[in-house]
């Protein structure tokens with residue numbers, strides 16, 4: 001479902017980098033819209049262009065061509081970035097600061113008053129599970145604790161738009177659930193959340209919609225329920241533990257596999273499913289359960305990316321072209337492995 005009056009919008013967005021006589025096209029005609037109060041997930045392999053896209057949407061990098069809007073403004077406009085929280089991947093804090101002083105610093109940089117910080121910092125430390133560690137120096141924080149503090153810093157000015165780059169990186173399962181609950185609570189308050197993450201199970205639990213980016217292009221987009229709804233795969237459980245000769249059950253339009261004590265069946269139609277059930281009954285097998293199987297987001301992601309690679313013959317990195325005869329780009333640095 002397309003967002004109406006989008007908070008985040010990109011139209012025909014492209015971003016190029018020059019590197020050793022080549023032009024690397026990190027983003028290639030990206031279109032997307034994210035509405036108010038929506039949790040939107042950005043998925044892609046290393047080098048797909050995810051972090052580059054996030055930086056362009058934040059105004060931290062200029063697009064080569066195309067149009068970007070954040071709350072209806074160019075994100076490079078200072079006014080567009082007010083009350084926008086950002087948690088970058090692999091962020092670092094000075095080790096000599098305490099958790100409390102780090103939040104104070106980021107709060108003052110964000111324009112939060114000292115009076116507001118006096119009440120807001122203890123509340124945020126409690127919110128991210130660091131209430132008892134606020135006076136510890138950050139050099140003693142674990143990676144997971146540092147990640148939680150980074151989320152608190154992103155929330156310090158009570159943003160209505162939140163960009164998170166790998167927010168649960170290095171966080172244990174309990175911490176991931178805590179962060180997921182925080183994000184869902186923020187969504188309930190109307191915060192728009194844009195997440196880039198490799199943890200697809202977390203994205204599936206948290207996001208309303210996702211898009212898959214590959215070689216700098218959006219190749220699939222949709223709601224979680226829409227993408228993972230049951231299709232033509234079924235779980236068939238047989239009563240008892242009979243020895244099953246799968247060859248005797250094979251029919252046209254169906255494939256069968258034995259998985260963890262049950263059968264997984266992929267069929268072309270409901271007619272093929274019913275024909276398979278009839279064949280099983282003819283073999284005197286007693287059927288205890290027939291249930292549709294949902295694809296998880298990981299299955300969708302792998303199938304989509306693999307299909308794109310087979311169809312295009314391209315690898316995981318952005319397209320490369322000979323550099324045109326023009327003055328050097330103002331951004332000559334090479335992109336890193338993740339496309340930045």
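Given a Förster radius of 41 Å and the C-beta distance between residue 96 and residue 11 as r, what FRET efficiency does 1/(1 + (r/R0)^6) yield to the nearest 0.05?
On the way: r = 44 Å, r/R0 = 1.08.
Approximately 0.40, to the nearest 0.05.
Using only helices, what value at 222 nm comes out for the chain when you add -39,500 (n - 2.57) per DSSP H run of length 4 or more and divide by the total residues, to the nearest 500 deg cm²/dmol?
On the way: 10 runs with 106 residues, N = 340.
Calculated from helices alone, the mean residue ellipticity at 222 nm is -9500 deg cm²/dmol.
Could you line up 259, 265 from fewest to most neighbouring Cβ atoms inside 10 Å?
On the way: 259 9, 265 22.
By the 10 Å Cβ count, ascending, the order reads 259, 265.
What FRET efficiency comes out for the pair residue 135/residue 225, r = Cβ-Cβ distance, R0 = 35 Å, nearest 0.05?
Numbers: r = 44 Å, r/R0 = 1.27.
After rounding to 0.05, the efficiency reads 0.20.
Going 7 Å from the Cα of residue 262 in the Cα-to-Cβ direction, what parts of segment 189-233 have a backbone nitrogen less than 17 Å from that spot?
Zone members listed by number: 229-233.
Answer with a single label: of (1) 43, 28, 18; (2) 40, 26, 17; (3) 32, 23, 18, which was calculated as semi-axes √(5λ) of the Cα gyration tensor in Å from the structure in view?
(1)
For the chain, what does the relative contact order come out to in percent, with C-alpha contacts under 8 Å and a separation of six or more?
Reported relative contact order: 25 percent.
Only counting other Cβ atoms within 10 Å, I'd like 112, 56 sorted with the fewest neighbours first.
Values: 112 18, 56 25.
Fewest-to-most ranking of 112, 56: 112, 56.
Once the piece of chain linking residue 181 and residue 296 is laid out straight, how much longer is it, given 0.36 nm per residue of separation minus the C-alpha distance between them? Mind dumping the intermediate values first?
On the way: separation 115, 0.36 × 115 = 41.40 nm, distance 2.05 nm.
Result: 39.3 nm gained on full extension.
With an 8 Å cut-off on Cα pairs and a minimum separation of 6 or more residues, tell me the relative contact order of segment 233-292 in percent. Intermediate results must be reported in sequence, preceding the final value.
Working: 83 pairs, mean separation 29.9, N = 60.
Computed value for segment 233-292: 50 percent relative contact order.
Give, as ranges by residue number, the residues of segment 157-175 whose backbone N falls under 20 Å from the point 7 Å along Cα→Cβ of residue 116.
Under 20 Å, as judged by backbone N against the label point of residue 116, lie 157-163 of segment 157-175.
Looking only at 65, 52, 192, which one moves most when the chain is put into a Gaussian network model with springs between Cα atoms under 10 Å?
65
So if R0 is 30 Å, what FRET efficiency would residue 123 and residue 201 give, r being the distance between their Cβ atoms, rounded to the nearest 0.05? Please list the in-between numbers first.
Details: r = 29 Å, r/R0 = 0.97.
That pair, residue 123 with residue 201, gives E of 0.55.
Read-outs: derived from the displayed coordinates by stated rules, not from any lab. Just so it is clear, the model here is predicted, and its values are computed rather than measured. Glycine gets a Cβ as well: all are built from the backbone with ideal geometry, and neighbour counts include every protein chain shown.
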